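What follows is a single structure, written as structure tokens, with notes after it.
Nothing in this text is a laboratory measurement; each read-out follows from the coordinates by a stated rule. All values derive from a computational prediction rather than experimental measurement. Virtual Cβ from ideal backbone geometry, glycine too; neighbours counted across all protein chains shown.
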Amino acid sequence: MLLTRTYDERAFSLQRQGRLGTFSPVTGQEASVVGSAWALDPARDWVVPQYRELPAMLRQGHTLEKVLLYQMGNPVGNRMEEGVNVLPIQISLAAQVPHAVGLAWGLRHQGLDACVITYFGDGASSEGDVHEAMNLAGVRRASVIFFLQNNGFAISTPVAKQTATESFALRAAGYGFPGELVDGNDLFAVYEVTRRAVERARAGEGPTLIESRTYRLGPHNTADDPTRYVDPEELRSWQALDPIVRVRAWLRSEGALDDASEVELQAELDGEVARAVAAAEAFPKVRPGQIFEHVYARPPDRVAAQWESVGEAGSA
């Protein structure tokens, strides 16, 4: 959780310096993502992310360096290494949800007791892809967990303007499988509800929809200005429930963390992020002409002319 927060703070600074592209911070939602990801077995289970699930991707074996490369516009960053059970980041809202159902269904046909978790937000839940995926998953009893992160806003649209239901979890009944509502800022509660969903999936009992009720403590992405639509008083009330603050307090109460060990841990994480940044920035830069690669077997004249305009005539 703290690694992700440290990364977000550093990446935000890099983006403002023009060294990184637009990205969506996880800030405030760390318990939601970490708690759910820790209920999986990275060796056999799969994560199908949207774009705010960095902790789950790292848990599965993805690296900070590759995340940075992706956010720098390098396609290498979105290519998963062999044995890393993560699908690439998906920017198009909910487009990954049907993929998760197909993946889960396919794993079952292979006789594997693996399960798949796919993440999406309250805004994405309004997309048709979510309905179609949940309907098919219910019919086929696919071993998939639909993890809906309700962080209060679809960019700037509050939940009250997205749905009339009291909880997104209630929708699961219409598809014939269980829905669970959990405090998304409670690390242990999220872990427990996801663990139960994993057990159901492995037992062949089908999907589960989990609504993790949390709050986005920062912008939707680095191009967003939340001060234009977030009530300051509401924000302060959720800052008091910051999941990292809650876990820190618990660790201290258990005698597992003190001032010295926290300073040491933070220094270690700062170093890890700094090394990842240095490695990503030392990686060969993307050429402008690469935008045309893997598109045409034989580029038409207009594309060839565009290649020439960026000084890469004949590149493939």
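What residue among SER126, SER261, SER167 shows peak mean-square fluctuation when the chain is described by a Gaussian network model with Cα springs under 10 Å? The residue with the greatest mean-square fluctuation here is SER261.
Along its first, second and third principal axes, ordered by size, the stretch 129-173 spans 35, 18, 15 Å in Cα coordinates.
The Cα trace of the chain gives Rg and Dmax of 20.7, 69 Å, the first to one decimal, the second as a whole number.
Multiply the residue gap between ARG79 and ALA274 by 0.36 nm, knock off their C-alpha separation, and tell me the result in nm, one decimal place. Write out the running numbers ahead of the final one.
Working: separation 195, 0.36 × 195 = 70.20 nm, distance 2.18 nm.
Taking ARG79 through ALA274 to full extension adds about 68.0 nm, to one decimal.
Using the count of nearby Cβ atoms within 10 Å as a rough guide to exposure, how do SER13, SER212 rank from fewest to most? Walk me through the intermediate numbers first.
Working: SER13 11, SER212 29.
Final ranking by Cβ density, sparse to dense: SER13, SER212.
Computed 3J(HN,Hα) for the stretch 17-32, one whole-Hz value per residue from the Karplus formula 6.51 cos²θ - 1.76 cosθ + 1.60 where θ = phi - 60°, is 8, x, 9, 8, x, 5, 8, 10, x, 8, 3, x, 10, 4, 5, 4, glycine and proline marked x. Computed from the alpha carbon atoms alone, the convex hull of the stretch 78-163 holds 97 Å³ per residue. Comparing ARG236, ARG216, ARG287 in a Gaussian network model of the chain, where Cα atoms under 10 Å apart are tied by springs, the biggest mean-square fluctuation is seen for ARG287. Contact order, relative form, for the stretch 2-285: 23 percent (alpha carbon pairs under 8 Å, 6 or more residues apart, mean separation divided by residue count).
The phi-based Karplus calculation (6.51 cos²θ - 1.76 cosθ + 1.60; θ = phi - 60°) puts the 3J(HN,Hα) values of the stretch 85-101 at 7, 9, 7, x, 4, 10, 8, 5, 4, 6, 5, 7, 5, x, 4, 4, 5 Hz, whole numbers, x for Gly and Pro.
Shape summary of the stretch 47-93, radius of gyration then Dmax from alpha carbon positions: 9.6, 26 Å.
What FRET efficiency do you get for ARG196 and TYR229 if R0 is 25 Å and r is their Cβ-Cβ distance, rounded to the nearest 0.05? Result of the calculation: an efficiency of 0.10. For the stretch 79-157, the list of chymotrypsin sites (Phe, Trp or Tyr not before Pro) that fall in a loop by DSSP and count at most 14 other C-beta atoms within 10 angstrom is empty.
Take the alpha-carbon positions of the stretch 163-316, form their convex hull, and give its projected area averaged over all directions (one quarter of the hull surface) in nm². Please list the in-between numbers first.
Numbers: hull surface 70.2 nm².
Orientation-averaged projected area of the Cα hull: 17.5 nm².
Treating each Cα of the stretch 1-107 as one equal point scatterer and applying the Debye formula with no solvent, the log10 of I(q)/I(0) at q = 0.16, 0.22 Å⁻¹ comes out as -0.71, -1.33.
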